[in-house]
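Peer 1: One structure follows; several queries about it will come next.
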């Protein structure tokens with residue numbers, strides 16, 4: 001059987017249409033994860049903590065403390081201070097960090113207890129129990145005012161206005 005050139009062209013167009021349609025359907029079926037965190041979604045290197053009550057500054061460069069944000073999860077890690085996960089809310093110039101958990105790499109990530117909260121101070125956090133309960137668990141939290149946030153720098157002031165944390169993007 002001989003195929004006419006006209007029918008080859010038609011067949012090519014039909015195949016192109018089928019492949020193109022399949023491609024579009026595949027793309028629209030994919031879930032696209034995005035956040036509205038803006039410049040906050042980044043790896044942040046904690047460089048300095050200022051004590052606003054006594055005017056002292058603590059150099060954090062050697063402590064190698066990092067904060068990172070992806071979606072609604074925050075992670076902190078330090079060279080000798082472990083890795084922790086948190087939930088967070090970022091609204092306007094406010095950052096609320098809560099529900100600290102041990103990052104146990106797929107072993108359940110258990111919540112920190114009140115006795116363990118002091119481990120987070122090396123990460124620049126001083127979470128407190130404010131009486132909120134989620135899923136039957138006390139929620140330890142801290143709220144910061146975002147004084148500066150752009151693609152290069154972030155400066156946070158804790159809710160007691162006693163500590164100012166300076167970060168650079170990593």
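Peer 1: Pairs needed: first member in the stretch 131-148, modelled with pLDDT of 90 or more; second member anywhere, loosely packed, with under 11 Cβ neighbours inside 10 Å; C-beta distance under 9 Å; at least 6 residues apart or different chains.
Peer 2: Cβ pairs passing all conditions: 145/161; 146/92.
Peer 1: Scan the stretch 58-76 residue by residue and report those that are surrounded by 15 or more Cβ atoms within 10 Å (Cβ to Cβ) and either out of contact with any helix residue (DSSP H, G or I) (no Cβ under 7 Å at 6 or more places or on another chain) or free of Cβ contacts under 8 Å to residues at least 24 places away in the same chain (or both).
Peer 2: Scanning the stretch 58-76 gives 60, 66, 67, 68, 74, 75.
Peer 1: What number of residues in the stretch 44-57 are surrounded by fewer than 16 Cβ atoms within 10 Å (Cβ to Cβ) and either under 13 Å from the mean Cα position of the chain (by Cα) or not in a strand (DSSP E or B) (or both)?
Peer 2: The qualifying residues number 5.
Peer 1: If I go through the stretch 117-170 residue by residue, how many of them are more than 19 Å from residue 86 (Cα to Cα), in contact with a helix residue (DSSP H, G or I) (Cβ under 6 Å, 6 or more places away or on another chain) and surrounded by 15 or more Cβ atoms within 10 Å (Cβ to Cβ)?
Peer 2: Residues in the stretch 117-170 being more than 19 Å from residue 86 (Cα to Cα), in contact with a helix residue (DSSP H, G or I) (Cβ under 6 Å, 6 or more places away or on another chain) and surrounded by 15 or more Cβ atoms within 10 Å (Cβ to Cβ): 1 in total.
Peer 1: Of all residues in the stretch 58-91, which are part of a loop (DSSP other than H, G, I, E, B), more than 17 Å from residue 120 (Cα to Cα) and out of contact with any strand residue (DSSP E or B) (no Cβ under 8 Å at 6 or more places or on another chain)?
Peer 2: 71
The values are calculated or read from the model by the stated rules, or taken from the named source; none is laboratory data. Since we're looking at a predicted model, the values are computed, not measured. Because the Cβ atoms are built from the backbone with ideal geometry, glycine has one as well, and the counts that use them run over all protein chains shown.
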